[in-house]
Amino acid sequence: MTSLTRRNFVVAAAAGATLAALRPARVFAQARPRVVVIGGGFGGASVARWLRRTDDGIDVTLVERNARFVTCPFSNLVVGGQRSIESISFGYDAVRRAGVDVVQDTATAIDPVARRVTLQGGRVLTYDRLVLAPGIQLVWNGIEGYDEAASDIMPHAWQAGPQTLLLRRKLEAMDDGGLVVVAVPDNPYRCPPGPYERASLIAGYLKANKPKSKLIVLDAKETFSKQPLFQEAWKNLYPGIVEWRPKSQSGRVVSVKAREGVVSTEFDDLKPAVANIIPPQRAGQIAIALGLDEGKGFCTVDPRTFESKVAPGIHLVGDAIVPGAMPKSGFAANSQAKVCARAIVSLLRSRPVEEPILLNTCYSYAATDHGFAIFGAFRPGDTGLIVDIPGTVGTSPLGASAQDRALEARYAESWYSNITADMFA
Amino acid sequence: MAAATRIRVPATARRGEIMELRAIIMHPMENGFRMETNGEYVPVHIIHTFVCRYNGAEVFRARLEPGIAANPYLAFTTRATESGTIEFIWLDDDGTFEVAAATVEVT
Amino acid sequence: MRAAAFILSTAVFLSAGIGGAAAQERDAAILANACMSCHGVDGKSQGVIPALAGQDAREMAQLMKDYASGAVKGTAMNFIAKGYTLDQIDAIAAFFSARK
Ligand SMILES: Cc1cc2nc3c(=O)[nH]c(=O)nc-3n(C[C@H](O)[C@H](O)[C@H](O)COP(=O)(O)OP(=O)(O)OC[C@H]3O[C@@H](n4cnc5c(N)ncnc54)[C@H](O)[C@@H]3O)c2cc1C
């Protein structure tokens, strides 16, 4: 009778190590499902941690090319000189201590049939399920003349690290009275309010240190995230410093000549002292190389499992996906990762996949003591995309008191401590 | 109606070169399908024609229809033949028009 | 391969055996985990966002319902609390209440 045998077996299993003793070690090892996660940022580090938190019987390998992760969230405070880069950099020691095998390398090829990942260093990893969280890549020459070499002169600082520091140094080196330009691409790009937060924090630096200077936001769009809140803050905190030019007022940057220092929009040529060019973006190369974006730049996934609609067994989270009503944010990537991790455990353990609710909040600083946010709760929609739950999407109010803005700035700090601890502590 | 326009013409060009010209007008381009809160439709009000003239000779013309978004933007090319003036004209269906012009030096 | 299948089936058997409480905990976890981005893992928060770990479940659930209705004014919670049914709120509150 099988059930009786099973029961006996369970008793043996419950007795602990006896199970391992019953089976040859190699066979036992094979029985542990293996998940490989590529990319150790907001999405990937979170998936790895939450797989282990949900089921420590799963072997998790995290492949990340960098030894340390510098968060884009709060990197605008580094650009503005209000925070150090060390304070936004994290190592993977705690991730390792949590039982994740962290491999510092770059994944170069995936064989979805043999379920194998090849790393630049030559190692080959096999998996039962694969998670890709490679974030974005910048589309070079998406703005004519803006390539990797140009970004040494006109930094994008849209992947935090050396680029963040380069932009900071250029602002520090600029004379009082200089013009700063922040160029914003059309949607979709990572962190919709990010460019305007950056403009605000640079304006704060200019106001205190280089008050004759000016900042122009050149925008390829007509409207932007939390626009009334940013514009209210610019008017109150930085009058005469920040100017925003939408696409219809020749805001869209079409080309740059980095060496000559020229930034051209549809109708104007500007020669700023410091140019921050944020180019168009698409999913990280490893996802594109596999065709998971179907030529569209970002990848469609099932909103309950975050499994690719193209390649079964491969999940994607974070900036690389088409997120429906969610924005491309670190918060969203972390929320998706938690759902993805539980779905993977359910699939590996033959349990039904649960019905999730996802959350997002993008806090922005207009100054270190002036914060506001956009909130939202989301669920899988009938069309297979993530939709917002009615009544949950909204922003901090206009016209709030300085105390209320200061309180939200402190909530933002608390959020940052908690979400980075979720991944890296 | 008086509307803001922006144009872009290269300051200089070599004879025979293909020049890109750009033009935009700030205009609501009301398509006639938008309803006001009182239940009445906002009447159609669009730029219906755009013309570009190079030293008086027409080099580009576009007919615009309801359904084209506000602030229509056009970019097109023409061959540089001689120094002179390039004019851009927008015809509004309220009977008015807008003109903008710039010079190009052809070498 | 046979061994793998066998262990998998015992895992299913085991989880079914634990019964209702564990299943409920699982259901709440899929919802509660999302709160932890702000409130900290297991509701143990750093900084000014309040900790949720070990709070009285009934009080916490009531507060969530008051945030959802607008009876209590906050910032984030007046939007986020609206995303959940009353049953879901009770389950999430029980979940955080049980974290020590
Ligand atoms: C200036 C700025 C400010 C922002 N502020 C906020 C904010 O306040 N709040 C917020 O929620 N979000 C914010 N964001 C957005 C946030 O940074 C992203 O949405 C988030 O990082 C997305 O997570 P991800 O895991 O998809 O990508 P990432 O976090 O970028 O992680 C991707 C990782 O994958 C690695 N990788 C890629 N390919 C490979 C490969 N082949 N092999 C090995 N490793 C690989 C990369 O090295 C990287 O570490 C901001 C972004 C910017 C630019």
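The values are calculated or read from the model by the stated rules, or taken from the named source; none is laboratory data. It should be emphasised that the depicted structure is a prediction, and the values quoted were computed from it without experimental measurement. Ideal geometry is used to build each Cβ from the backbone, glycine not excepted, and the neighbour counts take in all protein chains shown.
Brief remarks follow.
- Every condition in (1) away from the ligand (no atom under 16 Å from the Cβ); (2) among the hydroxyl-bearing types (Ser, Thr, Tyr); (3) within 10 Å of chain C (Cβ to nearest Cβ) is met by A:Thr395 except one, and the failing one is (1).
- Residue in the range A:161-174 that is within 14 Å of the ligand (Cβ to nearest atom), touching a Ser or Thr at 6+ places or on another chain (Cβ under 8 Å) and under 24 Å from A:Cys299 (Cβ atoms) present: no
- Some residue of the range A:287-304 being more than 10 Å from the ligand (Cβ to nearest atom), modelled with pLDDT of 95 or more and within 14 Å of another protein chain (Cβ to nearest Cβ): yes
- Counted residues, the range C:39-95 - those being within 13 Å of chain A (Cβ to nearest Cβ), polar (S, T, N, Q) and touching a residue at least 24 places away in the same chain (Cβ under 8 Å): 1
Yes/no matrix, rows are residues, columns are (1) within 15 Å of the ligand (Cβ to nearest atom); (2) within 10 Å of another protein chain (Cβ to nearest Cβ):
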residue	(1), (2)
A:Phe331	yes, yes
A:Asn334	yes, yes
A:Arg342	no, yes
A:Leu347	no, no
A:Ser350	no, yes
A:Asp369	no, no
A:Pro380	no, no
A:Gly384	no, no
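- Contacts under 6 angstrom Cβ, first residue in the range A:142-165 being within 14 Å of another protein chain (Cβ to nearest Cβ) and more than 24 Å from A:Gly40 (Cα to Cα), partner more than 9 Å from the ligand (Cβ to nearest atom) and not acidic (Asp, Glu), 6 or more apart: A:Glu144/A:Ser255
- Selection of the range A:221-250 for residues being in a strand (DSSP E or B) and either among the small types (Gly, Ala, Ser) or closer than 30 Å to B:Phe76 by Cα (or both) yields A:Glu243, A:Trp244, A:Arg245.
- Test result for A:Val184, in the same structural domain as A:Pro397 (by TED's automatic domain parsing), farther than 19 Å from A:Ala367 by Cβ and within 15 Å of the ligand (Cβ to nearest atom): yes
- Wholly enclosed strands (runs of 3 or more DSSP E) of chain B bearing at least 3 residues loosely packed, with under 15 Cβ neighbours inside 10 Å: B:57-63, B:73-79, B:97-106
- Taking the criterion of being at negative phi and either assigned by TED's automatic domain parsing to the domain that holds A:Asp186 or within 11 Å of the ligand (Cβ to nearest atom) (or both), the residues of the range A:122-138 that qualify are A:Val131, A:Leu132, A:Ala133, A:Pro134, A:Ile136, A:Gln137, A:Leu138.
- Counting only strands (runs of 3 or more DSSP E) that sit completely within the range A:86-154, those holding 2 or more residues that are touching a helix residue (DSSP H, G or I) at 6+ places or on another chain (Cβ under 6 Å) correspond to A:100-104, A:129-132, A:136-138.
- Annotation note: of A:Arg26, A:Arg53, the sole residue that is within 14 Å of another protein chain (Cβ to nearest Cβ) and at pLDDT below 95 is A:Arg26.
- A:Glu413 within 28 Å of A:Gln82 (Cα to Cα) and within 7 Å of chain C (Cβ to nearest Cβ): yes
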